[in-house]
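No value in this document is a laboratory result; all are computed from the given coordinates. Note that this is a predicted model, so its numbers are computed, not measured. Neighbour counts are summed over all protein chains in view; Cβ atoms, including those assigned to glycine, are modelled from backbone coordinates with ideal geometry.
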Amino acid sequence: MSIVIRPYLERDERGWLRCRILSFLDTAFFDSVEREKERYDKPAIELVAEDGREIIGLLDLECDSDGLADRPGRGGMIWHLAVHPDRQRQGIASSLLEVAERQAREGGLVRFEAWTRDDAHVQRWYERHGFTQIDSYLHVYLERDDLRAFDGELRLVKAFAHYTGDDPEKIRQRYQRVHDDVLYEKRL
């Protein structure tokens, strides 16, 4: 079957969720499970790659997102980019990005941003596609042993925090699960 890249439709939600969950299993985002597809406040480019009737890839880009860094030029934030694990490394993500870039240029955007974690192959993919790292922080997961009781009735069991301080190695040594969250930008 040939792969078709097309706009996301409401009927795609279950396939979109399934593709996203499966694509994240072997990444630092393995526990980022959503039960509904995100909806955007601003205009968005929402694409799916379909092989027959199965969603095998997706890209969501919110134009003029409130999540964008304070940088020159009108931009869009890639909130989701995923390819089903059985279909990875076949050019599907690159094709989704190419269509999104074309639509974004037509809409007057001059740059994209995308946050990702410390999965080396994902970072290399962004860099091969013209993205440059512009920011980062640590994403720290805290487990039961890391946390103290609030009071006698409520105990925090799990949490995560963003560390933006000057001693990331100290944080890496103290906590078991620490990820680099990296912000990439691409000028169109």
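Which of the GluC sites (Glu not before Pro) found in region 93-188 are loop residues per DSSP with 14 or fewer other Cβ atoms within 10 Å of their Cβ?
GLU143, GLU153
Could you tell me the distance between the Cα centroids of region 156-172 and region 104-131, to the nearest Å?
If we compute the Cα centre of each part, the gap is 25 Å.
Which loop chymotrypsin sites (Phe, Trp or Tyr not before Pro) in region 1-82, with loop taken from DSSP, have no more than 11 other Cβ atoms within 10 angstrom of their Cβ?
PHE30
Along its principal axes, what span do the Cα atoms of region 87-188 show, with the longest given first and each in whole Å?
57, 30, 29
Could you give the angle, 0 to 90 degrees to the nearest 10, between helix 13-24's Cα long axis and the longest principal axis of the Cα atoms of the chain?
60 degrees
Out of region 1-76, which GluC sites (Glu not before Pro) are coil in DSSP terms and have no more than 13 other C-beta atoms within 10 Å?
Those satisfying the criteria are GLU34, GLU36, GLU38.
Could you give the nm distance between label points at ALA159 and GLN173, where each point is 7 Å from its Cα heading toward the beta carbon?
Taking the two extended label points, one gets 2.3 nm.
Tell me the net charge near ASP64. Cut-off is 11 Å between Cβ atoms, ASP64 excluded, with +1 for each Lys or Arg and -1 for each Asp or Glu.
-1
Would you compute, from DSSP H runs of 4+ residues alone, the mean residue ellipticity of the chain at 222 nm, taking -39500 (n - 2.57) per run and dividing by the full residue count, rounded to the nearest 500?
It comes out at -7000 deg cm²/dmol, rounded to the nearest 500.
For helix 92-106, what angle does its Cα long axis make with the longest principal axis of the chain, in degrees from 0 to 90 and rounded to 10?
70 degrees
Shape verdict for region 1-145, please, from the Cα gyration tensor: rounded (a/c under 1.5), prolate (a/b greater than b/c) or oblate.
In terms of gyration-tensor shape, rounded.
Taking Cα pairs under 8 Å and at least six residues apart, what relative contact order does the chain come out at, in percent?
19 percent
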